[in-house]
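Note sheet for the following structure.
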Amino acid sequence: MMDKEELLSMCKRRGFLWRSAEIYGGEAGFYDYGHLGAKLLDSWKQKWKDFFLGLDENYHMIYTNNIMPHRVMEASGHVDHFSDIMIRCERCDSYFRGDHLIEQETGENAEWMGKEDMKESIKELELSCPDCGGDFSEPEDFNMMFTVSLGPTGQKTGFLRPETAQGTYINFRREYRALRKQMPMGLATIGSAFRNEISPRQVVFRKREFLQAELQIFFVPGIHDEKFKKKYQEIEEMKVNIRREDWDETREVMLKEIDDIQPFYLYHLGKMYEFYTDIMKLSSKDIRFRELSDDEKAFYNKIHFDIEVNFDTLNGWKEVSGLHYRSDYDLRQHQENSNQSLSVSTDDGKKIPHVIELSFGIDRNLWSLLDKGYKDDDRTWLDLPKEITPRQVAVFPLVRKDGLPEKSREVFDKLRSDFRVTWEKSGSIGKRYARNDEVGTSYCITIDYDTLEDESVTIRDIETTEQIRVEIKELNDILKELIYGRKKFKDHMEQED
RNA sequence: GCGGCUGUGGUCUAGACUGGUUAGGACCCAAGCUUCCCAAGCUUGUAGCCCGGGUUCAAAUCCCGGCAGCCGCACCA
């Protein structure tokens, strides 16, 4: 079993990621990406955009603000629902959620209660601390959102957004017109979100500032979703690992066997799965969809599946993304609170569009690539998808003399515009291979004495450490084929024999 | 946020109980030598006691406070 600390140590040492503000002791829940982490992040984002925006011509990127006005988060329900009323034991300082304590005692839902209701209820029920029996203090607000003050007096407040989604919803009307009222309309965004987690832990898993990639798809059920029927039929026999809410195990089923969920939703479910298997190259044994129970899912989500990855470093299955049918809840809320119409005209009259949301925690997804890719058996190497890996190619001279370094610089310069590539000469050839194995460099190009004779170089494959020899003039094309094309390294080897 | 444990170069660690030479080692990294393909060798070098305060002639070591990490609890609409 792989150790989280060992992987994190590699990440720090080689430039993937580490704690923010390290030189000041750091702060829980904040991480920065170094030069390799940043490249991994950028290429992941690019692949995500290519894949999900490619699903339909009417899916587009937008970028919205990190700071949301107070009223937006009121309308979204976050001011009420994203904050909990906590009560503290005066003797042992333990915190508890007030509504949970009351629910346990009465069996009735207490989520609606304000601070005053709760105070009375606790008095009536004569509740005391479950840990030590001590008396409770006054109920206090604990909001997971960061408040920011706006303007010179600071009396106006806003919030750092706890999800990127709201920024998209409040731009719905503008984009609907700008995109000439085509539906379904997909608005994707990539950006930061902020949650004041009580106890951020597990490396990048519970960060206070984190990255999200989300695609919000707006449609009127029964009308616009019909347009995806044909697309769905093309993938309805796709098999996915899935665990329904009332199943006690994960099963591999065909999409069309899931007959109680609309095809429009299943289409995106299938495509998400495909992103994990085909783009992120995770093994299907390590991924699954899990349907959340009514207790777990938010009240406005009619259907909610999470994609979970089976992590080695984090004790098993953990959520990395979700597919939520949020119904018309969000637009309805914003319509009511802003007093602006967010409905669209259909043959059946005015309707408020519904939303299907594809939501990805980027940091978690990157960690899943590192977690599943890190191999530490007879040698240490990082098995990353060749299109996503931060360093695709490394070039070095076999030895540091007789003009080989100079020749290798030439080859390096030839590759720079086409690949994420590095050049190095320090240490021995074996050490350079090992260094590059550790950070997931897909191919190492070595310039040797034969190169000076016949303009050929060797390409070494990270997966097998085997080599092929190719001519420099074909090098760029062959590497492109290996990285982006269908041709595999072993095809080239057979060709050589 | 509570409780337990922990914090020594980039990484892993010795030293702490019993305060006392210049904080030792390994790996990594860098420069050079060597080297015709998988962490070889040699030379040199960079770099550290989490932060602050206290006790003491003297603190990495003892005490107090803070910060951070790990584990457990709680929390995670």
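The values are calculated or read from the model by the stated rules, or taken from the named source; none is laboratory data. The structure displayed is predicted, hence computed values, not measured ones. Here the Cβ positions follow ideal geometry from the backbone for every residue, glycine too, while neighbour counts run over all protein chains shown. Accessible surface areas use protein heavy atoms only, side chains included; no ligands, DNA or RNA. Shrake-Rupley method; radii C 1.70, N 1.55, O 1.52, S 1.80 Å.
Considering region A:242-379 at the alpha-carbon level, its Rg and Dmax are found to be 18.0, 67 Å.
At 25 °C and 0.890 mPa s, what whole-number value in µm²/s does Stokes-Einstein give for the translational diffusion of region A:330-422, with Rh from the Kirkwood sum over Cα pairs? The estimated diffusion coefficient comes to 129 µm²/s.
Relative to the longest principal axis of the Cα atoms of chain A, the long axis of helix A:329-338 makes an angle of roughly 60 degrees.
Within a straight-line Cα-Cα reach of under 20 Å, A:K407 can be paired with the following aspartates and glutamates, leaving aside sequence neighbours fewer than 8 residues apart in one chain: A:D418, A:E424, A:D448, A:D450, A:E453, A:D454, A:E455, A:E471, A:E474, A:D477.
May I ask for log10 I(q)/I(0) of region A:223-311 at q = 0.12, 0.20, 0.25 Å⁻¹, from a Debye sum over the Cα atoms as equal point scatterers with solvent left out? Calculated log10 I(q)/I(0) at the listed q: -0.37, -1.01, -1.38.
Counting only helical runs of four or more DSSP H residues, what would the 222 nm mean residue ellipticity of chain A come to if each run contributes -39,500 (n - 2.57) and the total is spread over all its residues?
Numbers: 17 runs with 164 residues, N = 497.
Result for chain A, helices only: -9500 deg cm²/dmol.
The dipole here belongs to chain A: it is taken about the Cα centre, uses +1 on the Cβ of Lys and Arg and -1 on the Cβ of Asp and Glu, and is about 2060 debye. Per residue, the convex hull around the alpha carbon atoms of chain A comes to 211 Å³. Backbone geometry of region A:372-379 corresponds, through the Karplus equation with coefficients 6.51, -1.76 and 1.60 at θ = phi - 60°, to 3J(HN,Hα) couplings of 6, x, 6, 10, 9, 9, 7, 9 Hz, x marking Gly and Pro.
The HN-Hα couplings worked out from phi for region A:246-259 by the Karplus form 6.51 cos²θ - 1.76 cosθ + 1.60 (θ = phi - 60°) are 9, 9, 9, 8, 7, 10, 9, 10, 7, 3, 6, 6, 8, 9 Hz, whole numbers, x standing for Gly and Pro. Legend: P(r) of region A:182-271 from all alpha carbon pair distances, 5 Å bins from 0, whole percents, reading 3, 11, 16, 15, 13, 16, 15, 9, 3, 0. Projecting the Cα atoms of A:I447, A:V457, A:I429 onto the charge dipole of region A:391-496 (Cβ charges, centred on the Cα centre) puts A:I429 farthest toward the positive pole. Checking the cross-link pairs A:K45/A:K256; A:K431/A:K480; A:K181/A:K302; A:K4/A:K480; A:K45/A:K207 against a 23 Å limit on the alpha carbon distance flags A:K45/A:K256; A:K431/A:K480; A:K181/A:K302; A:K4/A:K480 as lying beyond it. To the nearest 10 degrees, how steep is helix A:4-14 against the longest Cα principal axis of chain A, on a 0 to 90 scale? Value to nearest ten degrees: 60.
Sorting the segments A:160-170, A:374-384, A:203-213 by their residues' average number of neighbouring beta-carbon atoms within 10 angstrom, most packed first, yields A:160-170, A:203-213, A:374-384. Of the accessible area of chain A, computed with a 1.4 Å probe over protein heavy atoms only, carbon and sulfur atoms account for 42 percent.
Expressed in nm², what is the orientationally averaged projection area of the convex hull enclosing the Cα positions of region A:1-82?
Computed as one quarter of the Cα hull surface, the answer is 9.6 nm².
Before I look further, what does region A:1-44 give for accessible area per residue, probe 1.4 Å, in whole square angstrom?
55 Å²
Annotation: average projected area of region A:23-63 is 4.5 square nanometres, based on the convex hull of Cα atoms across all directions. The residues of region A:315-382 expose, per residue, 39 Å² of accessible area to a 1.4 Å probe. Once the mean of 1/r is taken over each pair of separate Cα atoms and inverted, region A:391-496 shows a Kirkwood hydrodynamic radius of 13.6 Å. Accessible surface computed residue by residue for region A:391-496, with neighbouring protein chains in place and a 1.4 Å probe, gives 49 Å² per residue.
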